[in-house]
Every structure is written in C-alpha cells, then in structure tokens.
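Enquirer: Mind having a look at this structure? Questions to follow.
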Amino acid sequence: LAKTTQPISMDSYEGQEVNITCSHNNIATNDYITWYQQFPSQGPRFIIQGYKTKVTNEVASLFIPADRKSSTLSLPRVSLSDTAVYYCLVGDTASYYGGSQGNLIFGKGTKLSVKP
Amino acid sequence: NAGVTQTPKFRILKIGQSMTLQCTQDMNHNYMYWYRQDPGMGLKLIYYSVGAGITDKGEVPNGYNVSRSTTEDFPLRLELAAPSQTSVYFCASFSDTATNEKLFFGSGTQLSVL
C-alpha cells in the first residue's frame, strides 16, 4: 500500500494560490491519486483525481510529475471557505485500472487555514 | 438519490453495551467502507467490503464486526463498547466506473462511550 506524507498544516490569505504537496514514494502502477476536502463535522468530499500529468477542474488543479512519486494540489485564489483539511489518497480500487484490493487508507491530511 | 445514509447521527453508550451503526447507499456501489475519526485526527479504516458477502479488515478492526448481505447495506457492530471507541464514524461507498472513481461519504455518527 502506498503511504502518503503531507504537511500537517498550512496558512494562507484570501486571494492567494495555495499548493499542497503529497509524497507517495512507493506508488504502484495501478494506483491513482485522489484529493479530498473535509470541513469540521462533515465527511470528506471529492476534489480532484489524476493518474499522471495535469488535471484541472472547476475548483482545483492536480500536478503529477512523470515519476508519480508526489502530487501537488493547487487551489487558485483561496477564500475563507477553503479553510479545511485536505487529504491525499493513493489507492488501487477501480476495476478500470485492474485493481481489486479495495483498501483505501487515508494519510493524516493537511489543515489549511485561510485568513482575511 | 439520497447517497450514503448513516443512522443514528448521535449516540451515547455505556461501557460494555452493544450497538449497530447503520449505513445504506442507493448508488449500487460495490465497494463500501467504515472509517473512524478521533477528535483532531485523520481517518482510520476499520473494515471494508468489495461486494455483497465479502468483507475485509482495515487498519483498526479490533472491537468491531461488519456484514454485507446486500449491496445497499453495510452495518458496523460494536459488541462491547469501550471508551476508546468514542469517535465519529463515517461510512462511505465507492464508485468504480471509469469516469466516476471516488468515495461518497455519509454525514457521520458521533459516538460517545461513557
């Protein structure tokens, strides 16, 4: 199982771009990388997912280098409402990628605090 | 679609009592998970299931049991509640289609064992 390492916490100000990096040195060929956001007293929710290179959606971008040993979640122009814990999840579950283990283990996450 | 529904939302147990946390999903997902989250901490995987009739242990399975008799339901059983099981419990299901691979979480059950 690929273990992930993220910074415990980060501080930012409104309007800034925030980049959170996750290390996953032993990522397997079938593993994909997914980021989740969690607000207090709520379950995590999906932000973005990628396998390699760059992925962008309406809320974030995900950068994955060629060796796939790390990934960076980029949040453009953060606001106070982006204050949350962000988790990087590396797993092999989807049958699309040939995975079958189903064992999705979260790391400790990064607590992002956005200040006015 | 209701998504993933957990009941109850809150529960207080006495040491040694038993209870079942209910989880049901209406998205026809094969994969389902139970996580616990202690205050200020990350998520720990308790048990997971890759389909009806199939379950497996996660990181912290001791003190818990699960069953998966249907695709929709994945209950978590605490047989002899202990204070160390005070936590928030999240159930999740996973969509494994090629275009929609992500976890869907329920709203959680806050459990206190006193």
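The values are calculated or read from the model by the stated rules, or taken from the named source; none is laboratory data. Computed from a prediction, not measured in an experiment: that's the story for all the values here. With ideal geometry, Cβ positions are generated from the backbone for all residues, glycine too; neighbour counts draw on all protein chains shown. With ligands, DNA and RNA removed, areas are computed over all heavy atoms of the protein, side chains included. Shrake-Rupley method; radii C 1.70, N 1.55, O 1.52, S 1.80 Å.
Enquirer: Taking interchain pairs and intrachain pairs at least six residues apart, which have beta carbon atoms under 7 angstrom, with the first residue in region A:47-60 and open to solvent by 90 Å² or more (accessible area, probe 1.4 Å) and the second part of a loop (DSSP other than H, G, I, E, B)?
Expert: A:Lys52/A:Arg68
Enquirer: Of the conditions (1) in a strand (DSSP E or B); (2) closer than 27 Å to A:Lys3 by Cβ; (3) open to solvent by 40 Å² or more (accessible area, probe 1.4 Å), B:Phe90 fails just one. Which one is it?
Expert: (3)
Enquirer: If the requirement is being hydroxyl-bearing (Ser, Thr, Tyr) and more than 12 Å from every other protein chain (Cβ to nearest Cβ), which of these qualifies: B:Ser95, B:Ser87? Don't jump to the end; show me each part of the working.
Expert: On the way: B:Ser95 fails: more than 12 Å from every other protein chain (Cβ to nearest Cβ).
Going through B:Ser95, B:Ser87 in turn, just one is hydroxyl-bearing (Ser, Thr, Tyr) and more than 12 Å from every other protein chain (Cβ to nearest Cβ): B:Ser87.
Enquirer: Quick check on my filter: what residues within region A:61-80 are loosely packed, with under 13 Cβ neighbours inside 10 Å and free of Cβ contacts under 8 Å to residues at least 12 places away in the same chain?
Expert: A:Pro65, A:Asp67 - these are the residues of region A:61-80 that are loosely packed, with under 13 Cβ neighbours inside 10 Å and free of Cβ contacts under 8 Å to residues at least 12 places away in the same chain.
Enquirer: From the list B:Glu79, B:Glu59, B:Glu72, exactly one residue is under 21 Å from B:Lys9 (Cβ atoms) and of a type in the set (D, E, K, R). Which is it? Explain how you work it out, then say what you get.
Expert: Working: B:Glu79 fails: under 21 Å from B:Lys9 (Cβ atoms); B:Glu59 fails: under 21 Å from B:Lys9 (Cβ atoms).
Within the list B:Glu79, B:Glu59, B:Glu72, the selection yields B:Glu72.
Enquirer: Could I ask something else about it? Considering only region B:1-30, how many residues are under 18 Å from B:Val88 (Cβ atoms) and modelled with pLDDT under 95?
Expert: Total satisfying the criteria: 1.
Enquirer: Which members of region B:42-54 meet the condition of being modelled with pLDDT under 90 and among the hydrophobic types (A, V, I, L, M, F, W, C)?
Expert: Residue satisfying the conditions is B:Val50 alone.
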